[in-house]
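Peer 1: Have a look at this one before I ask anything.
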Amino acid sequence: MKMTAWQAAQACGGELLCGDPQTPLTSFFTDSREVCTGGMFVPLKGERTDAHIFIEATLQAGAAGTLTQMDIPLREDRVVIRVKDTLYALQEIGAWWRSQFSIPVIGVTGSVGKTTTKEMIALALSASFSVMRTRGNQNSQVGMPLTLFQLEEKHDCAVVEMGMSNFGEMARLSEISRPTMAVMTNIGISHIAYLKTQENILREKLHITDRFGPDQSLFVNGDDPLLRRLEGEVPLRVVTFGLSEGCQYRAVQVEMDETGVRFLLQTPRGVLPMSIPVPGEHNVRNAAVSIAVTEALGGDAEKAALALSHYEPPAMRQQIFHAGGVTVVDDTYNASPDSVHTAVQLLARLGAQGRKIAVLADMLELGEKSYEGHYDCGAFCAENGVDMVIAVGEESAATAQGARETAGSHPMEVYHCENNEQAIGILKKQLLPGDTVLVKGSRGMHMEEIVRELLQ
């Protein structure tokens, strides 16, 4: 990117206190350790730290300038823009930068699976177009504007991940990014502690279409009952994808093993054979919507399918490893009841040789739904033939309870551990060649520690 200090000040309604108005700004950053030439520092006020204390250090390290909502010493050789609120200013500058590009922007949201879906769509589109996509999961009130600053003249389209956890957040993200198409993967109970009901979650996520007209497309998972009912109920062009009858992009004849999935995709334009090197029905849906979006933009579906056949999953998202005769499914990036159910279904399909073992840690931000959500996950393990459940963390006591009570007379081993160290100890004693181990939990539980030990 490249804008002038004057343009940045005008975009956010700030006051340019010092520095050359024509100073070129090539990036914005919020982490004081990421100083780069031409970069503009945006100090944010957090719960623990006010990053304004790092302003002087970033300027000395070579930053082009800084935003500030506080009085600071001025330097004529650096740009300083005074604003009322640095986060709001960052968002306004991001929105202005987005307005400089008249290209399709595909917004991706959902309770789980946003990052994987975004990555698959971007990969499919890259076979026909120059694509900008969200890096990692920079999908928040801070991450969205930083993502938009990646837009360059060379890009034909963009795929942006849009995450929310509370009321009003999706509306703001939509205002900043102005998506022209939207994808909704599912409506689960992630962040239900704040939004209270799935109906509220759906209503909030629908703000992704705030700027849509009746001819703009909303792609929804036709296997999700809440999303499926949007067809005919919202004044938009709704495109359904999934495995259910009636989906406009429907996967049939699905064959799955540890190496991936093969299926036929029925589309409005015909039948497309597809193969993706990652297992799981959710990835079938991801591939289906990737083709749907590609065709909507006029891209080559066959080239997109070929690109998807080389897809590699992001780190800690159902990556499959082998060590000492044991198969390890690393799904440690995050967890919610919906994503745990999906992962356990995958474990049930993969664990054909030896035992199926689920190591499940606390799922955070479930509020009053925490006990029910954890209990149901344990019960789901028992119902799907999991041979051993190792529950980790205080909330996961309910996971162990659900597994024990649902298993009944089924020969299922259930353990409850206070921490990862205890879980590792059990695994080292219990694991046998041929076993398949799923490791999953909320990000704050640091379940990657267990995966590292298993792969040594």
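The values are calculated or read from the model by the stated rules, or taken from the named source; none is laboratory data. Here the structure is a predicted model, which means the values were calculated and not measured. Here the Cβ is made from the backbone with ideal geometry for all residues, glycine too, and neighbour counts use every protein chain on show. These accessible areas exclude ligands, DNA and RNA; they are computed on the full protein's heavy atoms, side chains included. Shrake-Rupley method; radii C 1.70, N 1.55, O 1.52, S 1.80 Å.
Peer 1: Of the residues Ile176, Ile201, which single one is open to solvent by less than 10 Å² (accessible area, probe 1.4 Å) and within 25 Å of Gly280 (Cα to Cα)? Full working, then the answer.
Peer 2: Working: Ile176 fails: within 25 Å of Gly280 (Cα to Cα).
Criteria check complete, one pass: Ile201.
Peer 1: Here's a follow-up. Does Ala403 satisfy being open to solvent by less than 10 Å² (accessible area, probe 1.4 Å) and over 27 Å from the mean Cα position of the chain (by Cα)?
Peer 2: Working: open to solvent by less than 10 Å² (accessible area, probe 1.4 Å): yes; over 27 Å from the mean Cα position of the chain (by Cα): yes.
Here the answer is yes, as Ala403 does meet what is asked.
Peer 1: Where in region 272-377 are the strands (runs of 3 or more DSSP E), entirely inside, with at least 1 residues that are touching a helix residue (DSSP H, G or I) at 6+ places or on another chain (Cβ under 8 Å) and hydroxyl-bearing (Ser, Thr, Tyr)?
Peer 2: Details: elements: 319-323, 326-331, 356-361.
Filter on region 272-377 gives 326-331.
Peer 1: Provide a single number: the residues in region 73-98 that are of a type in the set (D, E, K, R) and either more than 14 Å from Pro21 (Cα to Cα) or within 25 Å of the chain's Cα centre (by Cα) (or both).
Peer 2: The initial filter retains those residues of region 73-98 that are of a type in the set (D, E, K, R), namely 75-78, 82, 84-85, 92, 98.
Pick out the ones that are also either more than 14 Å from Pro21 (Cα to Cα) or within 25 Å of the chain's Cα centre (by Cα) (or both) and you get 84-85, 92, 98.
Number of matching residues: 4.
Peer 1: What is the residue count in region 280-336 for residues that are of a type in the set (Lys, Arg), more than 22 Å from the chain's Cα centre (by Cα) and either under 19 Å from Thr436 (Cα atoms) or surrounded by 19 or more Cβ atoms within 10 Å (Cβ to Cβ) (or both)?
Peer 2: Here is the first cut: in region 280-336, the ones of a type in the set (Lys, Arg) are 285, 303, 317.
Next, from what is left, pick out any that are more than 22 Å from the chain's Cα centre (by Cα): 303.
With the extra rule that they be either under 19 Å from Thr436 (Cα atoms) or surrounded by 19 or more Cβ atoms within 10 Å (Cβ to Cβ) (or both), the set shrinks to none.
The total comes to 0.
Peer 1: Give just the number: which of (1) among the hydroxyl-bearing types (Ser, Thr, Tyr); (2) within 30 Å of Ser126 (Cα to Cα); (3) open to solvent by 10 Å² or more (accessible area, probe 1.4 Å) does Tyr375 not satisfy?
Peer 2: (2)
Peer 1: Pick from region 123-166 the residues that are more than 16 Å from the chain's Cα centre (by Cα) and among the charged types (D, E, K, R): which of them is surrounded by the most Cβ atoms within 10 Å (Cβ to Cβ)?
Peer 2: Asp156
Peer 1: Now for a separate question. Are there any pairs, at least 6 apart or on different chains, whose C-beta atoms fall under 6 Å, with the first in region 92-121 and in contact (Cβ under 8 Å) with a residue 40 or more places away in the chain and open to solvent by less than 20 Å² (accessible area, probe 1.4 Å) and the second outside any loop (DSSP other than H, G, I, E, B) and basic (Lys, Arg), and if so, which?
Peer 2: Taking only residues 6 or more apart or on different chains, the pairs are Val108/Lys114; Val108/Lys118; Thr109/Lys205.
Peer 1: Could you please find all residues in region 255-279 being under 24 Å from the mean Cα position of the chain (by Cα), within 11 Å of Ala305 (Cβ to Cβ) and not aliphatic (A, V, I, L, M)?
Peer 2: Ser275, the sole residue that qualifies.
Peer 1: Find all pairs meeting these conditions: Cβ atoms under 6 angstrom apart; at least six residues apart or on different chains; first residue within region 283-303 and more than 17 Å from Val112 (Cβ to Cβ) and among the β-branched types (Val, Ile, Thr); second residue open to solvent by less than 10 Å² (accessible area, probe 1.4 Å) and part of a helix (DSSP H, G or I).
Peer 2: Going by the 6 Å Cβ cut-off, the qualifying pairs are Ile291/Ala304; Val293/Ile121; Thr294/Ala124; Thr294/Leu125; Thr294/Ala304.
Peer 1: Another question, if that's okay. Which of the residues that make up region 49-71 are charged (D, E, K, R) and part of a strand (DSSP E or B)?
Peer 2: Looking only at region 49-71, we keep the residues that are charged (D, E, K, R), and these are 50, 56, 71.
Within region 49-71, Asp50 is the sole residue that qualifies.
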